[in-house]
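Where a number appears in this text, it was derived from the coordinates with a stated rule and is not lab data. This structure is a prediction, so every number in the text was calculated from the model and none was measured. Every residue, glycine as well, gets a Cβ built from its backbone with ideal geometry; the counts of neighbours run over all protein chains shown.
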Amino acid sequence: MAFKLYYTTLVVLILLVATHAQNQTNLPYTLVKNYTGQAFFDGFDFFSGPDPSASFVKYVDLDTANNAGMAGYVSNSELADPVYLGPEFSSITPDGRPSVRLQGKDFFNHSLMIADIVHMPYGCGVWPAFWLLGQGAPWPTAGEIDIIEGINNESMSTFALHTDAGVTVKNLTNMQHGNQSMEMEGTFTSLDCSVGSSNTGCAAKASWNNYGQEFNANGGGVVVTEVSSKAIQIWSFSRDNIPGDILDGTPNPHHWSPPEVKFVYNGNDTDILDQHFKNLQPIFNIAFCGAWANSVWNTSECASLAPTCESYVANNPTAFVDTFWAIGELQVYEPNSNSTSGYGGPELDSESAITLVPLAAHHLGS
């Protein structure tokens, strides 16, 4: 009897291990890059040239950012020192406010990118973005995906794609996926991705307050971007609604609620997205003013603060003390079954680690 019980238990254990191994094998994605803590700064370069978007900003290099306390880590009682990226907030800056733009050293194609955003920049005159920029061809030939973007005191993020001519997407707003859930939660505001006179691209607004003050007050959240041949999808989860498989490191979008936006080509060409979105480079930046914010300044709640966006940003440095990114984690997964696309960047040198001064000026949580 004892032998039989032992044998049965052993068989059960073997089956459990085999099932777990099979489940791991069946996962749609494998982790290829984990930009967390010091690895974040190892994997990104500081851009310090003139702003390609012509905003009211002066991007600074690594040494300047480090010495001025514009890059480092922020204290947090629950997370392991999120990465801090912020602007200069102590001086009047008539020629543009010093700030940061970090560009990834690695490029990706088909992928699942997961970013844990503990705190994000917002406020009058502020134009932050977390986005993917296609490399290897003049903009926007290789595409642009705006994952988090907004201006001033908006409360909902704008998601957008930018391409050259010939790309439109289906309007999936309020459309059901078969007889089940909705195709997407957000609302399309434009369906033409081609860059035109307004540079709007195909765009959608989020369905909940996933941007700005309320987002920060609730502890931030997680944003996920999936790039495939069939669709480009973006999910936005509040801190208390993050799927368990993301927390476990086994993300499977098939088990999640509908994305905030689902970009699907409005035509029959099955590889159109692959043609227009390639070698995607992750970027975090904090810009100020620019064409978008300037165009709405006089009709916004910010107009009473200064006659122009530039004059407000230049002369009110302390208004930007809380204008910063706090990034808990950034992870990139690639499809298990797709060996022809994915990671396209150089391998990182582990000896290139950069020592950044920890910041004590900002504290998140209690």
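Before moving on, here are some points about what is shown:
- Paramagnetic reach from R239 in segment 100-144 [backbone N under 15 Å; point 7 Å along Cα→Cβ]: 116-121
- If R0 is 41 Å, the Cβ-Cβ spacing of V296 and A137 corresponds to a FRET efficiency of close to 0.85.
- From least to most packed, judged by other beta carbons within 10 angstrom and beginning with the fewest, D116, D269, D164 follow the order D269, D164, D116.
- Extension reserve of the H255-M175 stretch, reckoned as 0.36 nm per residue once the Cα distance is removed: 26.9 nm
- Of the residues C309, C302, the one with the fewest other Cβ atoms within 10 Å heads the list, and the complete ranking is C302, C309.
- Gain upon complete extension [D269, N218; 0.36 nm per residue less C-alpha separation]: 14.2 nm
- Projected label points at A54 and D42, each 7 Å from Cα along the beta carbon direction, are separated by 4.0 nanometres.
- Cα gyration tensor of segment 34-361 - equivalent ellipsoid semi-axes, whole Å, descending: 29, 23, 20
- DSSP-defined antiparallel bridges as percent of all bridges, segment 48-159, nearest 5: 75
- With neighbours defined as other Cβ atoms within 10 Å of a residue's Cβ, the residues R239, R97 order from fewest to most as R239, R97.
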